[in-house]
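Remarks on the structure that follows.
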Amino acid sequence: MATTGGAGRPEKRKAITRAATTVFGREGYVRASMDAIAAEAGVSKRTVYNHFADKETLFLSVALQNSAELTERIRELMAKYLDRVVDLRRDLTDFAIERANAVLSAGEHGALGRAIRAEVANIPADVLEAWLEAGPVASQRDLAQHFAALTGRGLLAVEDGELAAEQFTLLTFHGVAERSFWGALPVAAEEVERIAAAGVDAFLRIHGGPGAGRPAG
């Protein structure tokens, strides 16, 4: 993939990446143009090319930045609820609710993710792979590690952490994602909570460990 030295002022680069996030989220990858991004940023097209060699490079940059920011937010939620579990069911449910809300409230970050999913056949394969690795794959890997740690404490009985993480996400999150069209439409808080609680109960029926029924010290 073409690269550039990123010549030019940092504030211009930030303006361009903000504008690109908006334009790619609104127009998608194929329809978005460097002209539209330059206009949104209030700079010349030449300035855009001073920072990014081509549209693919710019898209990769903003996709990775947006993905990494959401991944870090989810990582913070895992640390908050899963590092020091007191009530396993409650902590898993609270994590599931806050993770869903983080995605639903992602704004333009969420719009970019929707654009990627809608145009997956048109996104360059290396860009798609990098986005997945920085975002969904990284989050699932982090969750698998937390489940392994909880298994070591006797709170879960998980043999395959990655499979358990995938099951947890399917049970507690994908219902919200589908109803909201990945954050495009609002979902009532009560519905988010219902899906999360029901999903956690189903998950614990599959993977609950001997200590799952009592508060952990």
Legend entry - Complete set of residues in the range 31-47 that are closer than 16 Å to residue 11 by Cα, open to solvent by less than 40 Å² (accessible area, probe 1.4 Å) and hydrophobic (A, V, I, L, M, F, W, C): 37, 38, 41, 43
Inset, instruction - Identify the single condition in (1) more than 16 Å from the chain's Cα centre (by Cα); (2) surrounded by 19 or more Cβ atoms within 10 Å (Cβ to Cβ); (3) among the charged types (D, E, K, R) that residue 99 does not satisfy, given that it satisfies every other one. - result: (1)
Inset, instruction - Consider only pairs whose beta carbons are under 7 Å apart and that are at least six residues apart or on different chains; among these, list those whose first residue lies in the range 61-83 and is of a type in the set (Phe, Trp, Tyr) and whose second residue is open to solvent by 30 Å² or more (accessible area, probe 1.4 Å). - result: 81/94
Legend entry - Identity of the residue in the range 142-160, free of Cβ contacts under 8 Å to residues at least 60 places away in the same chain and within 17 Å of residue 99 (Cβ to Cβ), that ends up surrounded by the fewest Cβ atoms within 10 Å (Cβ to Cβ): 145
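Are any residues in the range 58-91 in a helix (DSSP H, G or I), over 15 Å from residue 139 (Cα atoms) and open to solvent by less than 20 Å² (accessible area, probe 1.4 Å), and if so, which ones?
Restricting attention to the range 58-91, the residues satisfying the condition of being in a helix (DSSP H, G or I) are 58-82, 88-91.
With the extra rule that they be over 15 Å from residue 139 (Cα atoms), the set shrinks to 58-63, 88-91.
Answer for the range 58-91, where residues must be in a helix (DSSP H, G or I), over 15 Å from residue 139 (Cα atoms) and open to solvent by less than 20 Å² (accessible area, probe 1.4 Å): 58, 59, 62, 63, 88.
How do the helices (runs of 4 or more DSSP H) wholly within the range 143-217 filter down when requiring 3 or more residues that are out of contact with any Ser or Thr (no Cβ under 8 Å at 6 or more places or on another chain) and within 18 Å of residue 88 (Cα to Cα): which remain?
Numbers: elements: 161-172, 174-179, 189-207.
Filter on the range 143-217 gives 161-172, 189-207.
The values are calculated or read from the model by the stated rules, or taken from the named source; none is laboratory data. Everything numeric here is computed off the predicted structure, so don't read it as measured data. As a convention, Cβ positions derive from the backbone with ideal geometry for all residues, glycine included, and neighbour counts pool all protein chains shown. The accessibility values were calculated without ligands, DNA or RNA, using every heavy atom of the protein model including side chains. Shrake-Rupley method; radii C 1.70, N 1.55, O 1.52, S 1.80 Å.
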